[in-house]
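Before any comments, here is the structure.
Here, each number is a calculation from the coordinates, and none is a lab measurement. For clarity, every value in this text was computed on a predicted model and none was experimentally measured. Cβ atoms come from the backbone with ideal geometry, glycine included; neighbour counts cover every protein chain shown.
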Amino acid sequence: MSGRPVKRSLTLHGHRTSVSLEEPFWRAFRAIAKERDVPINVLAAEIDELRGVDSGLASAIRVYVLDYTQKKVQLGD
């Protein structure tokens with residue numbers, strides 16, 4: 001498995017954009033969306049709205065995935 005990011009397309013607020021994520025982050029991102037029962041574009045839009053102007057969307061998604069996973073581990077899920 002390559003550690004290189006792969007570019008994928010998303011739709012945020014009606015506009016197409018692309019994000020480059022490594023496969024493990026993409027799989028975890030999709031799993032979180034499924035677990036929360038929201039479309040991946042909705043989850044991406046939520047993350048986009050919360051991120052600061054100093055971080056890119058891909059970085060914000062990686063941090064979100066990491067935080068989400070760490071919270072689940074802490075709760076014993």
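In terms of the mean number of neighbouring beta-carbon atoms within 10 Å, the peptides 9-17, 60-68 order highest first as 60-68, 9-17.
Taken about its Cα centre, the chain carries a charge dipole of roughly 280 debye when the Cβ of each Lys and Arg holds +1 and the Cβ of each Asp and Glu holds -1. To the nearest ten degrees, helix 23-36 and the longest principal axis of the Cα atoms of the chain are 80 degrees apart.
Its relative contact order, with pairs defined as Cα atoms under 8 Å and 6+ residues apart, puts the chain at 24 percent. Taking 1.567 mPa s as the viscosity and 4 °C as the temperature, the Stokes-Einstein diffusion coefficient of segment 6-75 based on its alpha-carbon Kirkwood radius rounds to 105 µm²/s. For E22, the residues whose modelled amide H falls within less than 5 Å of its own, excluding neighbours fewer than 5 places apart on the same chain, are V6.
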